[in-house]
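Asks: I'd like to ask you about the structure that follows.
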Amino acid sequence: MVTFVRCATAADAVAAVRDGDGTAKFVGGGTALVLLLQMRLVQVDTLVGVRTIGDVPGWSGIEQRGNVLWIGGGVTLAEVAGSALVRGYAPSLARAASVVGNVRVRNAATLAGNIAEADYASDPPAVLVSLDASVVVHDGARQRAVLARDVFTDFYTTSLDESDLVIGVAVPLVDGSVSAYRKFASRSMEDRPCVGVAVSARFEDGAVGALEVVIGAVSGTPQRWPEITERAWGRRLAAPLMATIADRYADAVDPIADIRGSAWYRREMVRVNVRRALEEVAASADD
Amino acid sequence: MTSVEFRLNGAQVAFDVAGRETLLETLRDTAGTTSVRYCCGIGVCGTCTVLLDALPVSSCLLLTVMVDGRDVVTAEGADVRHSPVTRRVRDAFVDAQAYQCSYCIPAIALTVRGLLQQDPEMDADELKTALGGNLCRCGSYPQVLDAVRRLVGTSGRRGGEQDG
Amino acid sequence: MTDDATTYPGREPLARRMTADAWDRVIGRFGFAVDRRIEGSAHAFAVRSSVPHGTITAIDSNEAKTVPGVLAVITGPDVRVDPSVATTHGETRQDQPVLAFDKVRYVGEPVALVVAETRTAAEDAAALVDVEIAELDLVVDHELAGQPGAPVLHEAWPDNECGTWTLRHGDAEAAMARAEVVHRATYRSPAANHAPMEPHVATAAWLPDGRLEVWTSTQAPYPVRRRLAEIFGLAEDRVRVCVDPLGGGFGSKLDLRLEALVALGSRAVRRPVRMELRRDEVFVTSAKHAATVTITTGADRDGTLRARIVDIVYNGGAYALSTPRSTRTGMIRSPGPYAIPDVLCRVVGRYTNTVPAGPFRGAMTGQVCWAHESATDELAALLGMDPLELRMRNVLRDGDLFATGEAMHGMRYRELVDAAAKGVDWDADAGPTRPELARGKGMAVVLKSTRTPSRSEAHIVLDATGRVTVRTSTVEMGQGAHASMAQLAAARLEMPADDVLVSTIDTHRTPFDTTTSSSRSTLTMGTAVERAADDLRRRIDELATAGRPGTAAPTHSNGAVTVALPEPTVLRYEDLLAGAGLDELVGTGCYQSPPGAGEMDPETTQGMHTVSWHQGAVAVEVEVDVETGRVRVLRAHGASFAGRAVDERRIRKQTEGGMIFGLGQVLMEEVVYDDGQVMNPNLSDYQIPSILDAPERVGSTVLTDPDPDAHPHGVGENTVPPMAPAIANAICAATGVRIRDLPLTPEKVLRAIHEPAVRTP
């Protein structure tokens, strides 16, 4: 028997999950959890509805808070994708949110839920890591921020406790930064990514001031190699440099093989799509 | 069993449902709204689309207990008098003969209607992209696009780069 | 029902609808098989084998029976000892049990059936039925299944043989030896799933006197009736099969599917029992035959085809179904629509531990068309010829002999090739594009045939209210058959098609039809309907002129006749019936293929294969991303010969929809097996084309025969098989790489582009 409790406060929600002792789960849009229930892959007695939480400032909103872009825990992927703020400040995140699942999933699923699910073949995690975003969680007593790159630890696994409620995502806003996300699908255009590439960069006088390249969908967690990208700092992002970074990433990655592509193919797609994402970023910097 | 109340096509309804029952099951098996159809069961095909608080969602990915107090509209939703968009969408699909077996079609028309009600300025390209998640095995896509173009014309809202 | 006219005065009151059901289809009120609810039904869920090949050693259903709501658990061994149920059944070979009892032969094979008050309870309980199976060696690959020492599925067929045929026309081996140019290659295609949007569904109910009634989502009402009668030892007339419209079939709903299971369940609980498949069950319920086709072609240097030798192996899956028969059909179509003096074709079907394979839109033809049309382009390359010119030179023309020895008539291939090529501006250069994108065009033709022998019967009923209803057992499954039948009847009675009803199928009321398959309905049932309409018209005329010998035949219009009495007098149909004291008037019509049609020499497969050849051509333009291997089909143009066209818009939907359906098997569809397990039994892991995968430009050409006495040709499948070779040919034109196994995934394309530089892992 599954019961559904609708929570008005974050503390209530956390308490409900804690009281469930492993049999209660947060549910926002429900797209992931209901699927697991239908497939009898999870045993859940209590669904803790968080859509109705009213005591978290900015729960349902996207707002600029100083030098941070805040996306509340109740915000759907469709809202992220359509937000002028996100499109302006973090276009790669708007792009990633706009290609998750389909229009129906994006209308129901929240960015917070997407993070908590930690699906390796979903688009936003790599982008959040590339933007150096923080995931803000409430544990019933207090809030804390965890860097996105420290959240994703394995396939469908995070460093968060099951009673940690994601109440929002904080994306740092950096002057002059540009970003891009490329989803590469190997079958239907509607497929989940075979490879996802998130790039975030800042340019100073035509040279790279900072560069992050994060690969999604190729292994359990978003993959990044700062030692490769840091070598670009201070240099112009010209074609040979982009090709070199792409080659190094292709060498560094240890891809899975699944129905969307073999390890060999994924490695090649990392090579091509890293280069193309860098070209995109370089072009947008020139604009 | 849990008692759930929500608005269905404008009328207040109440059902006793099992906790694990999906909205798709309630709508088909109890409410008799047979326009809402099972196909993939995992939210990828779109045949079970409903409008939840005016937005298209998959009813197979919602437990009925989760829609308590909310507003659900199905393709049957008889709001023709109040919604010119509904009527225009239906006419466009009939005029374009945008169906073969038609199992998927009410959901596609409902999705178009939901999207246009949300954003009346959507152009044909945007609607096509949004319809990527509505599968039609008969391949009636050219006729669906014809219906869409009858609705919103062929010129894109951003100056467009239409073919043909 | 609707208040269209009052709400929106001035709009056409759906006169344009033609198919009177258009409005219902769009708003969701159109009723499908899955919407049929029989009051008091219990629900069945199958326990399926999780082992591809093994011996059942024990089944424990005690725990399952404790689940609240469970009414019965029926196992294979229970059925085996029940003398009232046939141990095995099958269309061509009695090799399949209703529930597996000694061996299981594929993952997904029903082993037991749980019947419960609710579907959820049945599903929960089914998970608790413990089936112990001692595993046997398994074979999934059809080529391996034919090798010595391969695991044997059926003792009666020690070589896993499931259909062996030879076609011999002239002396192909000698002609090949003389040929100036010889091309030989092997082409493979995998198992695929039909993936109709509506899953299979059936409900059965036994009446107290031992009659059986079944409502089911079948394309074959009468064969299902016969098979149920055989399995349960009933006279056929004691079985009633009713069929509502289907949400797609594509061949997946032709053989017996759920009907015997729900009949077993219903008999056990003495209530109607319903079964509706979950999507993963659909994937283990029907499949397209995987196949390997080796084709050798001999030609003169000028491109004249001299000889063709085709060797085909089809993967029949675990049970025969129609494979022993349909392998021959595939073989006959395998030389392609070409005039080739010397032809030799050999086919064998093999049993394997996979989902039993059956007809798949373009039945048995996609596999061989993939081979002969790829080979045509490869040969053209060898000869240094334009592939279009090579086809033009060799396609069948009137009077040419086909490989079956038949002289062909009504051949329109040259026009079809021309129309398809024009549809993609064959000779125009590809527009400017980015350097990593390569564009190319490709084309393919296909020859299909309709099932022969076959029979269709129709009744047209004029009732006392003047209403005309066509009673037909042709299944409406999206092809628009019912709309076509209404239109054909209406034309003969000179009344609006919207005023003609078409009944749903009920074998107690709607007369015999072979099947709704092989694009046969418009020809066979259409002919029967026209004859029934003529018969009804004649009977109406008799009523109108009764007692007035010598009166000129009346004219008909809008449900009334005008008779010269001697003044022209208008008499409505209903008034004629009332005047004669009749409650109804019935016209009957029958189509029966001519004697001898379809009978082939068993040694050489020479003879008259079919009453109707289907002709189609497809041309495409693709864009290949040479860095990723991703293929986009930019344009697709299908051309089909429709004979006497009934409705051009429906023909276009079949032609264009067929290309989009076919695109899936080319670019993304494959049922993936690992150790006998289907790895992708859902629509996320097994993908079908979305609107974003469809070509940006889809077009069609409908060739017709203006002769009012010409017969209609089936058009439901003509553009499905050619899609694969057309796209492969276009990829080759764009990139120079040739891929011979489907699907043409980006990974295969990229590997081919990289080779030999690439290191394979």
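Asks: Checking C:VAL737 against (1) out of contact with any strand residue (DSSP E or B) (no Cβ under 8 Å at 6 or more places or on another chain); (2) at pLDDT 95 or above; (3) within 26 Å of C:ALA639 (Cα to Cα), which single condition isn't satisfied?
Replies: Of everything listed in (1) out of contact with any strand residue (DSSP E or B) (no Cβ under 8 Å at 6 or more places or on another chain); (2) at pLDDT 95 or above; (3) within 26 Å of C:ALA639 (Cα to Cα), C:VAL737 misses just condition (3).
For (1) at pLDDT below 95; (2) among the acidic types (Asp, Glu), each residue gets a yes or a no:
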| position | (1), (2) |
| --- | --- |
| A:SER188 | no, no |
| A:VAL199 | no, no |
| A:ASP205 | yes, yes |
| A:VAL208 | no, no |
| A:GLU212 | no, yes |
| A:GLY216 | no, no |
| A:PRO222 | no, no |
| A:ILE228 | no, no |
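Asks: Scanning for something open to solvent by 20 Å² or more (accessible area, probe 1.4 Å), at pLDDT below 95 and assigned to a loop (DSSP other than H, G, I, E, B), does the stretch C:660-678 turn up at least one residue?
Replies: no
Asks: Still on this model: Would you call B:GLN117 open to solvent by 10 Å² or more (accessible area, probe 1.4 Å) and more than 9 Å from every other protein chain (Cβ to nearest Cβ)?
Replies: Yes.
Asks: What are the residues in the stretch C:318-352 that are more than 17 Å from C:ILE295 (Cβ to Cβ) and aliphatic (A, V, I, L, M), if any?
Replies: Scanning the stretch C:318-352 gives C:ALA318, C:ALA320, C:LEU321.
Asks: For the structure I just gave you, tell me whether C:ASP141 is of a type in the set (D, E, K, R), away from every other protein chain (no Cβ under 14 Å) and open to solvent by 20 Å² or more (accessible area, probe 1.4 Å). Reasoning before the result, please.
Replies: Values: of a type in the set (D, E, K, R): yes; away from every other protein chain (no Cβ under 14 Å): yes; open to solvent by 20 Å² or more (accessible area, probe 1.4 Å): yes.
Against the criterion (of a type in the set (D, E, K, R), away from every other protein chain (no Cβ under 14 Å) and open to solvent by 20 Å² or more (accessible area, probe 1.4 Å)), C:ASP141 qualifies.
Asks: Can you list the strands (runs of 3 or more DSSP E) found entirely within the stretch C:558-659 that contain at least 1 residues being buried (at least 20 other Cβ atoms within 10 Å of the Cβ)?
Replies: Counting at least 1 such residues, we get C:560-564, C:584-592, C:613-625, C:631-641.
Asks: Turning to a different aspect of this structure: Mind checking which pairs have a first residue in the stretch C:738-751 that is outside any loop (DSSP other than H, G, I, E, B) and a second that is at pLDDT 95 or above and basic (Lys, Arg), Cβ under 7 Å, 6 or more apart or different chains?
Replies: Hits for this filter: C:ASP741/C:ARG188; C:PRO746/C:ARG630.
Asks: Across the stretch B:34-56, what is the number of residues that are at the interface with chain C (Cβ under 8 Å from one of its Cβ atoms) and either within 21 Å of C:ASP35 (Cβ to Cβ) or surrounded by 24 or more Cβ atoms within 10 Å (Cβ to Cβ) (or both)?
Replies: Final tally of qualifying residues: 11.
Asks: So A:VAL218 clears everything in (1) part of a strand (DSSP E or B); (2) within 20 Å of A:VAL100 (Cα to Cα) except one condition, right? Which one?
Replies: Among (1) part of a strand (DSSP E or B); (2) within 20 Å of A:VAL100 (Cα to Cα), the lone unmet condition for A:VAL218 is (1).
Asks: How many residues does the stretch A:79-101 hold that are open to solvent by less than 10 Å² (accessible area, probe 1.4 Å) and outside any helix (DSSP H, G or I)?
Replies: 1
Asks: Any residue in the stretch B:79-90 that is within 9 Å of chain C (Cβ to nearest Cβ) and outside any helix (DSSP H, G or I)?
Replies: Yes, there is a match, as at least one residue in the stretch B:79-90 is within 9 Å of chain C (Cβ to nearest Cβ) and outside any helix (DSSP H, G or I).
Asks: Is at least one residue of the stretch C:96-119 closer than 30 Å to C:THR514 by Cβ, modelled with pLDDT of 95 or more, open to solvent by 20 Å² or more (accessible area, probe 1.4 Å) and not in a strand (DSSP E or B)?
Replies: Checking the stretch C:96-119: at least one residue is closer than 30 Å to C:THR514 by Cβ, modelled with pLDDT of 95 or more, open to solvent by 20 Å² or more (accessible area, probe 1.4 Å) and not in a strand (DSSP E or B).
Asks: Still on this structure, please answer the following. Are any residues in the stretch A:23-74 in a loop (DSSP other than H, G, I, E, B), open to solvent by 20 Å² or more (accessible area, probe 1.4 Å) and over 26 Å from A:ARG87 (Cβ atoms), and if so, which ones?
Replies: Of everything in the stretch A:23-74, those that are in a loop (DSSP other than H, G, I, E, B), open to solvent by 20 Å² or more (accessible area, probe 1.4 Å) and over 26 Å from A:ARG87 (Cβ atoms) turn out to be A:THR23, A:MET39, A:ARG40, A:LEU41, A:VAL42, A:GLN43, A:ASP45, A:THR52, A:GLY54, A:ASP55.
Asks: Right, here's the next one. Identify, from the list C:ARG531, C:ARG520, C:ARG509, the residue that is within 24 Å of C:ARG240 (Cα to Cα), touching a residue at least 60 places away in the same chain (Cβ under 8 Å) and out of contact with any helix residue (DSSP H, G or I) (no Cβ under 7 Å at 6 or more places or on another chain).
Replies: Matching residue, one of C:ARG531, C:ARG520, C:ARG509: C:ARG520.
Asks: Here's another thing I want to ask about it. Please go through the stretch A:99-134 and give me each residue that is under 10 Å from the mean Cα position of the chain (by Cα) and among the basic types (Lys, Arg), ordered by number.
Replies: Result: no residue meets the conditions.
Asks: Could you list, in sequence order, all residues of the stretch B:125-148 that are more than 14 Å from chain A (Cβ to nearest Cβ) and surrounded by fewer than 19 Cβ atoms within 10 Å (Cβ to Cβ)?
Replies: The answer is B:ASP146, and nothing else.
Asks: Residues of the stretch A:183-226 being charged (D, E, K, R) and either outside the structural domain of A:ARG248 (by TED's automatic domain parsing) or open to solvent by 40 Å² or more (accessible area, probe 1.4 Å) (or both), which ones?
Replies: Of all residues in the stretch A:183-226, those charged (D, E, K, R) come to A:183, A:187, A:190-192, A:202, A:204-205, A:212, A:224.
Scanning the stretch A:183-226 gives A:LYS183, A:GLU190, A:ARG192, A:ARG202, A:GLU204, A:ASP205, A:ARG224.
Asks: Would the stretch C:602-609 turn up any residue that is closer than 28 Å to C:LEU523 by Cβ, within 14 Å of chain B (Cβ to nearest Cβ) and either among the hydrophobic types (A, V, I, L, M, F, W, C) or over 23 Å from the mean Cα position of the chain (by Cα) (or both)? Step through it out loud before you land on a result.
Replies: Within the stretch C:602-609, the subset closer than 28 Å to C:LEU523 by Cβ is C:602, C:604-609.
Keeping just the survivors that are within 14 Å of chain B (Cβ to nearest Cβ) gives none.
Among the residues of the stretch C:602-609, not one is closer than 28 Å to C:LEU523 by Cβ, within 14 Å of chain B (Cβ to nearest Cβ) and either among the hydrophobic types (A, V, I, L, M, F, W, C) or over 23 Å from the mean Cα position of the chain (by Cα) (or both), which makes the answer no.
Asks: Now for a different question. Among the listed residues C:LEU437, C:LEU388, which satisfies the condition of being at pLDDT 95 or above, surrounded by fewer than 19 Cβ atoms within 10 Å (Cβ to Cβ) and within 28 Å of C:VAL624 (Cβ to Cβ)? Break it down into steps so the answer makes sense when it comes.
Replies: On the way: C:LEU388 fails: surrounded by fewer than 19 Cβ atoms within 10 Å (Cβ to Cβ).
Criteria check complete, one pass: C:LEU437.
Asks: Follow-up question, since we're still on this one. Is it the case that the stretch C:347-361 has a residue that's under 24 Å from C:VAL417 (Cβ atoms) and either open to solvent by less than 10 Å² (accessible area, probe 1.4 Å) or assigned to a strand (DSSP E or B) (or both)? Let's see the steps before the verdict.
Replies: Applying the first criterion (under 24 Å from C:VAL417 (Cβ atoms)) to the stretch C:347-361 yields C:361.
Then drop every residue that is not either open to solvent by less than 10 Å² (accessible area, probe 1.4 Å) or assigned to a strand (DSSP E or B) (or both), which leaves none.
The answer is no, given that none of the residues of the stretch C:347-361 is under 24 Å from C:VAL417 (Cβ atoms) and either open to solvent by less than 10 Å² (accessible area, probe 1.4 Å) or assigned to a strand (DSSP E or B) (or both).
Asks: In addition: Inspect all residues belonging to the stretch A:104-113 and state whether any of them is in contact (Cβ under 8 Å) with a residue 40 or more places away in the chain, closer than 25 Å to B:LEU23 by Cβ, open to solvent by less than 60 Å² (accessible area, probe 1.4 Å) and away from every other protein chain (no Cβ under 14 Å).
Replies: Yes, that holds for at least one residue.
Asks: In this structure, is C:SER473 in contact with a Phe, Trp or Tyr (Cβ under 7 Å, 6 or more places away or on another chain), under 29 Å from C:PHE360 (Cβ atoms) and not assigned by TED's automatic domain parsing to the domain that holds C:GLU656?
Replies: Working: in contact with a Phe, Trp or Tyr (Cβ under 7 Å, 6 or more places away or on another chain): yes; under 29 Å from C:PHE360 (Cβ atoms): yes; not assigned by TED's automatic domain parsing to the domain that holds C:GLU656: yes.
Here the answer is yes, as C:SER473 does meet what is asked.
Asks: Looking only at the stretch C:447-468, count every residue that is in a strand (DSSP E or B) and farther than 22 Å from C:ILE332 by Cα and tell me the total.
Replies: 9
Asks: Here's another thing I want to ask about it. Being in a strand (DSSP E or B), out of contact with any Gly (no Cβ under 9 Å at 6 or more places or on another chain), open to solvent by 40 Å² or more (accessible area, probe 1.4 Å) and not assigned by TED's automatic domain parsing to the domain that holds C:GLU476 narrows it down to one residue among C:THR87, C:THR57; which is it?
Replies: After applying the criteria, what remains is C:THR57.
Asks: Could I ask something else about it? Taking the condition farther than 21 Å from C:ARG361 by Cβ, in contact with a Cys (Cβ under 6 Å, 6 or more places away or on another chain) and open to solvent by 10 Å² or more (accessible area, probe 1.4 Å), does C:ASP506 pass?
Replies: Yes, satisfied.
Asks: Whether any residue in the stretch C:475-486 is over 30 Å from C:ARG333 (Cβ atoms) and either open to solvent by 30 Å² or more (accessible area, probe 1.4 Å) or assigned to a loop (DSSP other than H, G, I, E, B) (or both) is what I want to check. Show your work before the answer.
Replies: If we filter the stretch C:475-486 for residues that are over 30 Å from C:ARG333 (Cβ atoms), which is where we start, we get C:486.
Retained after the next criterion (residues that are either open to solvent by 30 Å² or more (accessible area, probe 1.4 Å) or assigned to a loop (DSSP other than H, G, I, E, B) (or both)): none.
No: zero hits.
The values are calculated or read from the model by the stated rules, or taken from the named source; none is laboratory data. Computed from a predicted model, the values in this text were never measured in an experiment. With ideal geometry, Cβ positions are generated from the backbone for all residues, glycine too; neighbour counts draw on all protein chains shown. Note: accessible area is taken over every heavy atom of the protein model, side chains too, but ligands, DNA and RNA are not part of it. Shrake-Rupley method; radii C 1.70, N 1.55, O 1.52, S 1.80 Å.
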